[in-house]
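Structure record follows, encoded as structure tokens.
The values are calculated or read from the model by the stated rules, or taken from the named source; none is laboratory data. Source: prediction; values computed, not measured. For neighbour counting, all protein chains shown are included, and Cβ atoms are generated from backbone atoms with ideal geometry for every residue, glycine included.
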Amino acid sequence: MPNAGYVIDAAGIQKLREDHETLRKRITHLEQKFTGAVGAGVRITADFVKVSEQIGQRVTTTLGKGKAELYKITKDASDVATYEAVLDAAGDPVEVDVYNSSLVPVPVDAFIRILRDFRSGVWMTGEMQTAVAKAGASGVTARSGTTAGSGTVSVYSIVAGVLTDTGQDVTAYSLSATAVANNAYITIKRCSLDEEWIVDAEDCG
């Protein structure tokens with residue numbers, strides 16, 4: 001006895017088409033959700049950049065801000081690593097906003113590593129521990145007993161071998177019993193136990 005068969009009429013075919021379209025839309029939606037989840041999970045947390053707009057110093061609780069161009073590092077078969085600018089579709093460098101929690105600025109053309117802050121998602125510079133500076137018109141006073149000497153100094157950067165004023169001033173403290181002369185070039189470094197800058201070396205010429 002032949003098996004009973006099923007006949008699909010026009011209405012049945014239409015229902016299959018509708019079900020197929022519903023299933024296709026659901027699969028597309030799930031694919032989009034999956035792609036978004038993967039993208040968020042592999043978000044870049046560190047990068048190599050060249051500063052294109054000076055990244056200012058922090059002022060009290062307000063972070064300094066500037067811009068930097070993204071660079072990518074590649075390594076060839078001979079283990080030689082090189083870097084080049086990341087370009088957009090128009091061939092222009094890709095820039096990102098970078099924030100600075102340090103008390104000294106980061107000058108233009110400096111190559112630095114940046115890290116993404118976990119909570120806010122913003123790019124941050126590393127904490128700079130040394131800087132070149134120039135003593136002000138009053139120099140830096142000498143230490144007296146347990147009272148450190150102090151003075152206002154201008155932060156400098158070296159651009160193509162030229163000492164260049166960044167336009168930012170900080171207070172530097174001196175542990176020496178000898179004062180730093182006015183307008184003398186010095187190096188300063190960050191004290192590891194607090195946020196103060198101390199005089200590290202002075203141009204004695």
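Please state which of the following conditions LYS25 fails to meet, knowing it meets all the rest: (1) more than 20 Å from GLY121 (Cβ to Cβ); (2) at pLDDT 85 or above.
Failing condition for LYS25: (2).
Can you tell me how many residues within segment 158-186 are in contact with an Asp or Glu (Cβ under 7 Å, 6 or more places away or on another chain) and either over 29 Å from GLU53 (Cβ atoms) or surrounded by fewer than 15 Cβ atoms within 10 Å (Cβ to Cβ) (or both)?
Here the count works out to 4.
I'd like to know if segment 177-196 contains one or more residues that are closer than 17 Å to GLN57 by Cβ, among the aromatic types (Phe, Trp, Tyr), part of a strand (DSSP E or B) and in the same structural domain as THR146 (by TED's automatic domain parsing).
no
Out of all the residues in segment 114-125, is one or more over 22 Å from GLU69 (Cα atoms) and buried (at least 18 other Cβ atoms within 10 Å of the Cβ)?
Scanning segment 114-125, I find no residue that is over 22 Å from GLU69 (Cα atoms) and buried (at least 18 other Cβ atoms within 10 Å of the Cβ), so the answer is no.
Could you grab me the full set of residues in segment 166-205 that are free of Cβ contacts under 8 Å to residues at least 40 places away in the same chain and in contact with a Phe, Trp or Tyr (Cβ under 6 Å, 6 or more places away or on another chain)?
ALA172, GLU196, ASP203
For VAL59, work out the one condition from (1) more than 25 Å from ILE198 (Cβ to Cβ); (2) without any contact (Cβ under 8 Å) to a residue 40 or more places away in the chain; (3) of a type outside the set (S, T, N, Q) it doesn't fulfil.
Result: VAL59 fails condition (1) only.
Could you please find all residues in segment 144-153 being in contact with a strand residue (DSSP E or B) (Cβ under 9 Å, 6 or more places away or on another chain) and surrounded by fewer than 17 Cβ atoms within 10 Å (Cβ to Cβ)?
Listed by number, the list holds a single entry, THR152.
Looking at the structure I just gave you, is GLY136 touching a residue at least 40 places away in the same chain (Cβ under 8 Å) and farther than 28 Å from VAL98 by Cβ?
yes
Check SER138, SER102, SER52 and return the single one that is part of a loop (DSSP other than H, G, I, E, B) and modelled with pLDDT of 90 or more.
Result: SER138 is the single residue among SER138, SER102, SER52 that is part of a loop (DSSP other than H, G, I, E, B) and modelled with pLDDT of 90 or more.
Does at least one position in segment 79-97 carry a residue that is at pLDDT below 90 and surrounded by 15 or more Cβ atoms within 10 Å (Cβ to Cβ)?
The answer is no; no qualifying residue exists.
Can you find a residue that is within 20 Å of GLY64 (Cα to Cα), more than 27 Å from the chain's Cα centre (by Cα) and in a strand (DSSP E or B) anywhere in segment 144-152?
Yes; the residues of segment 144-152 include at least one that is within 20 Å of GLY64 (Cα to Cα), more than 27 Å from the chain's Cα centre (by Cα) and in a strand (DSSP E or B).
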